[in-house]
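Here the structure comes first, spelled out in structure tokens, and everything after it is commentary.
Read the figures in this text as sums done on the coordinates, not as results from a lab. A quick note: this is a predicted structure, and the numbers were derived from the prediction, not measured. Please note: Cβ atoms are built from the backbone with ideal geometry, for glycine as well, and neighbour counts cover all protein chains shown.
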Ligand code: GAL
């Protein structure tokens, strides 16, 4: 058994016996004074549709479990996110849930929290190089594999497929995991010459406008003979498709995505985007709220997986994901109530 999980279980047994060890929060806030649990949620950004969903689902579930949530969003600024964490600690939270803009930069946040006896849950993105207590996310390597497999399944009968690769933000450990999954599928095909990567780059801060710039540069360099764009999420897919529209190529080039954003789903119906990866946010947010409340109240937690973050093996929970195309959009994203028929199809 992973020593860290053994430690969590041991200290829980101790905490049940003594009730002391795990309830780390020193707690000064009014909410604290009211005796309720308080959870601090420090977010990278609320500028993307996805994260607004995460916040609302998480807060609602935590409230259902009797905990109050204090939310801060750092607007993709590391210094600001550290200040947010400091302020949440000062307000006496019992546990911290962090969606890091920069996984490495938030190691300092874990240190600050632990100095006050506050446990830290890394949400969706891993905080690296720190004693992170727990990590919950989707199977991110598999996200990349599904995106790449979609392209590998559509190779021309002869010759090669010409590919543009748009990775996510370099500061985001998930972007590295998505690329790793993509490489698992693509590398043999690149080596055999069935796929030619004509251009590749990282989209800073996952910004659609940066993905558009990458696609413009790729078409300037490689010409119009592009067969596919492996965009790492729907936001960057949208930026790339803007460039394709300018070139009269939209709908003629395979474009991948991730997140099943509303715009991504609408583009799949319109035929300008070809696939996305659906990650049921409600499963992630609700399980994370449940784990955060348990962490905050020192109750036992068992996590089957672990993630090496370069310092420790973080107990982890990985959640399933689904490849979505126009064929199965209704029985996945719509059936789950993640997107409405009306919003996606406009009927
Ligand atoms: C990743 C996340 C994706 C994606 C991206 C941009 O970490 O897993 O769902 O949307 O950030 O925010």
Sorted by Cβ neighbour density within 10 Å, fewest at the top, the residues 44, 153: 153, 44
Helical mean residue ellipticity (222 nm; -39500 (n - 2.57) per DSSP H run of 4+; nearest 500) of the chain: -13500 deg cm²/dmol
Segment residue 196-residue 60, length gained on full extension (0.36 nm per residue, minus Cα span): 44.3 nm
Average Cα contact separation per residue, the stretch 81-155, under 8 Å, 6 or more apart, as relative contact order %: 26
Cα gyration tensor shape for the stretch 52-123, rounded if a/c is under 1.5, else prolate or oblate: oblate
Residue among 246, 200, 86 with the largest mean-square fluctuation in a Gaussian network model of the chain, springs linking Cα atoms under 10 Å: 246
Cα gyration tensor shape for the stretch 196-347, rounded if a/c is under 1.5, else prolate or oblate: oblate
Helix 140-152 axis, angle to the chain major axis (alpha carbon atoms, nearest 10°): 10
Max mean-square fluctuation residue, GNM over the chain, Cα-Cα springs under 10 Å, options 174, 216, 140: 216
Fewest-first ranking of 206, 51, using other Cβ atoms within 10 Å as the exposure measure: 51, 206
Cα gyration tensor shape for the stretch 156-212, rounded if a/c is under 1.5, else prolate or oblate: oblate
Rounded to 5, percent antiparallel among DSSP beta bridges of the chain: 15
The chain, relative contact order [Cα under 8 Å, separation at least 6], %: 20
Degrees, to the nearest 10: 173-191 long Cα axis against longest axis of the chain: 30
Ranked 128, 79, criterion: other C-beta atoms within 10 Å, fewest first: 79, 128
Along each principal axis, Cα extent of the chain, largest first, Å: 69, 45, 35
Helix axis angle, 208-222 relative to the chain longest principal axis, alpha carbon, degrees: 30
Segment residue 155-residue 52, length gained on full extension (0.36 nm per residue, minus Cα span): 33.4 nm
